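Right, one structure below, let's go through it.
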Amino acid sequence: MRNFDLVVIGAGPGGYVAAIRAAQLGLSVACVEERATLGGTCLNVGCIPSKALLSSSEHWAEVKHLAAHGITVGEAGFDLAAMMARKDKVVGDLTKGIAHLFKKNGVEWLNGRGTIPAPGQVRVGDETVLAKNILIATGSDPAGLAGVTVDEEVVLTSTGALALPKVPDLLVVIGAGVIGLELGQVWARLGAKVTVVEYLDRILPGADGEIAKTAQRLLQRQGLAFQLGRKVASVTRDGAGATVTVERRDNGAVDTIEADAVLVAIGRRPRTAGLGLEALGVTLDARGFIAVDGQFRTNVPGILAIGDVVPGPMLAHKAEEDGIAAVEALAGHAHAAPDYALVPGVVYTAPEIASLGATEEALKDSATPHVVGRFQFIANGRARAMGATDGLVKVLGCPDTGRILGAHILGRNAGELIQELVLAMTTGATLEQVAASSHAHPGMGEAVKEACLAALGKPLHA
């Protein structure tokens, strides 16, 4: 039997980054992946293809606004097959890049489904390899809805919604979270009438309430319709379409929505079935996540777990940080466990929505003293010049120390703008220090400075 210091099961962002870093630290490493390409859900049927379609559809949506910039075009159209081909090429180039990185760093790819028949052993197809340590990085699957059968033709998960052969006239999205809003916007831009059904009475559960409410208004303006506070009672396939039955949570009234396609986007669940964890005695929590300590070790010696299969934000960049921390600790290098309170979340709609740390609601609920600073992009020179005036920067801070407690941005490039505040919160920089640092003019980043000034009671441009 071949023998490795570390066998990683799963080649998504957490798994492949962990494998590469472990190899760089001198360990002999193999990575097991059952797909024909590396990169996991994120690169193959998640983060990357969705962003490719968001980009293509945004270009199409911008065509109708070019006249405001003095640009006149003839009759415009789009080719969905070409959009899909571009998406597939982006995915293909990136997955090939990971294969190259594996070769460069000496990571062996074992192609097939991995199971753990016993501690220190990983079975892949007909081969069993020995491993001093096994790292489970198998990611997550779309969560199912009771009584709803997904066929990836009419009733879809995100995987099917990324590969529709034509634009549906009527699309119902079940779930107003990140995936539902992103893919809902893609198909709305391309001509679908999109209705988003959400069990709660708001979109983006967990996001700052003010930001979520403003985002909903902007998305409605772009054509998305929302039915909030509705429970989906059933989805019935009817030939080439489906009927979605919903109940109002406040009064029990029942309504139906006809659809050509239905996207079920109510969240994700850890992918741990079939690994053999129960027989090994690996401890799972009540929600099915693998229990780990601060170094990502399970209760079974030699078995570790990271990413979506362990508690914490189910985000690709969180999985990467988990993976690096786990293998560096394994190799004897001091590495603190990631602080999940400092992991930003981004929704890549237009405008983007980026969040970090505490929300205003959480601070109020915990009676935590705080100050709030806001700055609207409509008052930002760069945003005005680009025609990107929707949204705002909102920061929350401690009135005594100036420490930043939370940051929330709705607007163009929010996913990049939030990084300044991620660094500030990570290093302990205060509202005063961010406000005192020079920000290039004219730039969207000036809105971050202005929000911090506003929190300090010293706004300049508001």
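The values are calculated or read from the model by the stated rules, or taken from the named source; none is laboratory data. This is a predicted model, so every value here is computed, not measured. Note that we place each Cβ from the backbone using ideal geometry, even for glycine, and neighbour counts take in every protein chain shown. Keep in mind that these areas ignore ligands, DNA and RNA; they rest on the heavy atoms of the full protein, side chains included. Shrake-Rupley method; radii C 1.70, N 1.55, O 1.52, S 1.80 Å.
For the range 243-366, compute Rg over Rh where Rg is the Cα radius of gyration and Rh is the Kirkwood radius from the inverse mean 1/r over Cα pairs.
That ratio is 1.09, to two decimals.
In Å, what Rg and Dmax follow from the Cα atoms of the chain?
23.5, 69
So in the range 6-150, what percent of DSSP beta bridges are antiparallel if you round to the nearest 5?
Numbers: 7 of 19 bridges.
Rounded to the nearest five, the antiparallel share is 35 percent.
I need the peptides 257-264, 108-115, 455-462 ranked by packing, meaning the mean over residues of other C-beta atoms within 10 angstrom, with the highest value on top.
Put in order of decreasing packing, that is 257-264, 108-115, 455-462.
If you check each cysteine of the chain for another cysteine whose beta-carbon is under 4.7 Å away, which ones come up empty?
That list is CYS31, CYS398, CYS452.
Using only the alpha-carbon atoms of the range 171-276 as identical scatterers, what base-10 log of I(q)/I(0) does the Debye formula give at q = 0.13 Å⁻¹?
Here the Debye-derived log intensity ratios amount to -0.49.
Between GLU62 and ALA331, how many nm apart are label points set 7 Å from Cα along the C-beta direction?
It is 4.0 nm.
Just the accessible area per residue of the chain, please: how many Å² with a 1.4 Å probe?
Per-residue accessible area for the chain comes out at 45 Å².
Just read off the accessible area of PHE78 with the full protein assembly in place, 1.4 Å probe, to the nearest 10 Å².
PHE78 exposes around 80 Å² with every protein chain in place.
Once the Cα gyration tensor of the range 2-93 is diagonalised, what are the square roots of 5 times its eigenvalues, in whole Å and ordered largest first, as equivalent ellipsoid semi-axes?
42, 13, 8
Which order, highest average first, do 331-342, 19-30 follow once you tally other Cβ atoms within 10 Å for each residue and take the mean per peptide?
On the way: 331-342: 13.0, 19-30: 21.5.
Top to bottom by mean Cβ count within 10 Å: 19-30, 331-342.
Could you list, in their original order, any pairs among LYS64/LYS166; LYS318/LYS394; LYS64/LYS318; LYS318/LYS449; LYS166/LYS231; LYS51/LYS458 whose Cα atoms are separated by more than 31 Å?
Among LYS64/LYS166; LYS318/LYS394; LYS64/LYS318; LYS318/LYS449; LYS166/LYS231; LYS51/LYS458, the Cα-Cα distance tops 31 Å for LYS64/LYS318; LYS51/LYS458.
Measure off, as a whole percent, the carbon and sulfur share of the 1.4 Å-probe accessible area of the chain, all protein chains present.
C and S atoms contribute 53 percent here.
Given the chain, what percent of its DSSP beta bridges are antiparallel, to the nearest 5? Mind dumping the intermediate values first?
Details: 48 of 80 bridges.
The answer is about 60 percent antiparallel.
Over the range 32-190, what number does the Rg to Rh ratio reach, with both radii from the alpha-carbon atoms and Rh per Kirkwood?
1.08
Would you calculate a helix-derived [θ] at 222 nm for the chain, using -39,500 (n - 2.57) for each DSSP H run of n ≥ 4 and dividing by the full residue count, to the nearest 500?
Mean residue ellipticity at 222 nm (helix-derived): -10000 deg cm²/dmol.
Counting only C-alpha contacts under 8 Å and six or more residues apart, can you give the relative contact order of the chain as a whole percent?
Reported relative contact order: 14 percent.
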